[in-house]
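The values are calculated or read from the model by the stated rules, or taken from the named source; none is laboratory data. All figures in this text were calculated on a predicted structure; none of them were measured in a lab. Virtual Cβ from ideal backbone geometry, glycine too; neighbours counted across all protein chains shown. The area values use the complete protein model at the heavy-atom level, side chains included, leaving out ligands, DNA and RNA. Shrake-Rupley method; radii C 1.70, N 1.55, O 1.52, S 1.80 Å.
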Amino acid sequence: MSLGSYAPPSFGPESGARAPMLPVAPPSVPRPISNSGTTAPEMPAVRGPISELPGDGYDEWDETTDIVRLTEVGEPPDVVDGRDRAVLLRADGVTAGQVCSVAPAGAIIGRAPDAGVCVDDPGVSRAHARLTPTPSGRHLLEDLGSRNGTFVRGKRVQRALLEDGDMVQLGPRVSFRYVVVDRSGEALFRQLYQSSVRDALTGAYNRRHFDERFAAELAFAERHKSDLSLLIFDVDHFKKVNDVYGHPAGDAVLSHVVRLAQRQLRAEDVFARYGGEEFAVLLRGIGPSGAVRAAERIRTTIEVIPGAHEGRVIPVTISGGIASVSEPAERSAEALVSRADARLYRAKHEGRNRMLWRD
């Protein structure tokens with residue numbers, strides 16, 4: 001038989017022969033149109049390696065998830081321990097959210113400075129209540145003959161076994177939530193509180209927290225017939241620092257100023273970033289002369305220890321104004337801020353790098 005006369009065999013029901021199995025063609029992928037206007041060849045249905053996929057017209061294959069190798073993960077985190085500790089979360093006033101740890105042996109709650117949980121409020125007795133651990137892991141709360149009472153879940157009690165989540169009130173104003181947590185839970189509560197009251201860049205208190213504390217400190221000074229001074233200062237020629245060295249250097253200078261200033265202050269002083277390059281300090285129990293000494297310690301320390309950024313030394317000075325409640329003038333927060341601000345601006349006009357407390 002010649003090649004020209006060859007005809008393929010017929011397959012079908014009438015022939016009785018079976019057709020051979022042919023490979024099934026993969027479903028076709030829509031052919032994208034390239035930027036050049038030409039039709040791209042058909043792609044196989046099975047997805048190949050990322051590096052082999054065409055980069056034009058295949059946005060559906062675009063991957064944005066980073067691939068992390070197991071060797072880059074490092075050691076696994078510590079195993080979360082059990083809920084083995086109790087904390088009191090402050091639920092009132094300017095310190096709402098503050099975390100007070102309860103020692104394993106328990107704690108006295110009261111106004112006394114050496115109390116395990118110290119509460120600075122006139123409605124709380126010096127030794128107001130006691131927390132005692134029990135074998136079940138909870139705490140027994142006992143009132144210690146307080147003048148204004150101890151309350152659990154809204155009811156006045158002499159003794160009460162606390163449950164996780166109970167609200168505890170001491171006197172007319174102070175309240176806590178009793179929470180049983182593990183180590184990581186306690187750390188998280190502390191982090192949340194700090195982030196709510198601290199400036200993210202410098203770590204000083206933020207303006208909102210400062211304003212709340214200012215009102216509380218004024219009330220404390222009035223109640224105890226004690227003094228209170230306010231210092232407001234800012235960084236001299238700060239705009240020039242940003243212009244010459246750049247804004248990252250300006251941020252470094254602000255953090256530098258905060259670190260040095262905090263070293264010259266007491267634990268009870270309230271130090272905050274008041275706005276931009278301006279800072280404020282509340283000095284409890286300190287009159288004008290003591291406030292001047294504290295302000296000068298801060299000023300001279302910052303003057304003699306320059307800032308630095310990326311290997312460049314940045315000289316820094318500050319100027320400030322001081323006001324005290326013992327001055328024969330109005331004692332409100334607004335009045336104190338106004339006087340301190342006016343003295344700060346006068347220090348600027350008189351040459352900077354100085355602290356003023358007289359008009």
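Laid out as a table, the results:
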| quantity | calculated |
| --- | --- |
| Residues located in region 191-218, provided they are out of contact with any Phe, Trp or Tyr (no Cβ under 8 Å at 6 or more places or on another chain) and farther than 15 Å from Ala96 by Cβ | Gln191, Ala200, Leu201, Thr202, Gly203, Phe214, Glu217, Leu218 |
| Hits in region 311-348 - residues which are more than 28 Å from Val244 (Cβ to Cβ) and aliphatic (A, V, I, L, M) | Ile322, Ala323, Val325, Ala329, Ala333, Ala335, Leu336, Val337, Ala340, Ala342 |
| Answer residue from region 119-132, given it is at pLDDT 95 or above and either assigned to a strand (DSSP E or B) or of a type in the set (D, E, K, R) (or both) and is most open to solvent (accessible area, probe 1.4 Å) among those | Arg126 |
| Criterion (under 20 Å from Phe238 (Cα atoms), of a type in the set (Asp, Glu) and open to solvent by 30 Å² or more (accessible area, probe 1.4 Å)) met by exactly one of Glu330, Glu334, Glu303 | Glu303 |
| Single residue of Phe220, Phe176, Phe210, Phe214 found to be touching a residue at least 60 places away in the same chain (Cβ under 8 Å), closer than 19 Å to Pro113 by Cα and within 26 Å of the chain's Cα centre (by Cα) | Phe176 |
| Filter result for the condition that a residue is outside any loop (DSSP other than H, G, I, E, B) and exposed (fewer than 14 other Cβ atoms within 10 Å of the Cβ), over Ser136, Ser184 | Ser184 |
| Residue in region 289-296 that is more than 30 Å from Glu222 (Cβ to Cβ), open to solvent by 10 Å² or more (accessible area, probe 1.4 Å) and touching a residue at least 40 places away in the same chain (Cβ under 8 Å) present | no |
| Any hit, region 144-155, residues being in contact (Cβ under 8 Å) with a residue 40 or more places away in the chain and either under 17 Å from Phe220 (Cβ atoms) or not basic (Lys, Arg) (or both) | no |
| Condition check for Arg312: surrounded by 14 or more Cβ atoms within 10 Å (Cβ to Cβ) and touching a residue at least 24 places away in the same chain (Cβ under 8 Å) | no |
| Cβ pairs under 9 Å, 6+ apart, first in region 334-359 and over 13 Å from Ser229 (Cβ atoms), second aromatic (Phe, Trp, Tyr) | Leu344/Phe233; Ala347/Phe233 |
| Of all residues in region 187-227 being in contact with a Leu (Cβ under 8 Å, 6 or more places away or on another chain) and not in a helix (DSSP H, G or I), the one that is most open to solvent (accessible area, probe 1.4 Å) | Leu201 |
| Complete set of residues in region 164-181 that are more than 14 Å from Leu141 (Cα to Cα) and open to solvent by 70 Å² or more (accessible area, probe 1.4 Å) | Pro172, Arg173 |
| Residue that is surrounded by the most Cβ atoms within 10 Å (Cβ to Cβ), among those in region 228-264 that are within 22 Å of the chain's Cα centre (by Cα) and within 19 Å of Arg213 (Cβ to Cβ) | Ala261 |
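For (1) among the aliphatic types (A, V, I, L, M); (2) outside any helix (DSSP H, G or I), each residue gets a yes or a no:
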site: Phe271; (1), (2): no, yes
site: Ile302; (1), (2): yes, no
site: Ala335; (1), (2): yes, no
site: Asp341; (1), (2): no, no
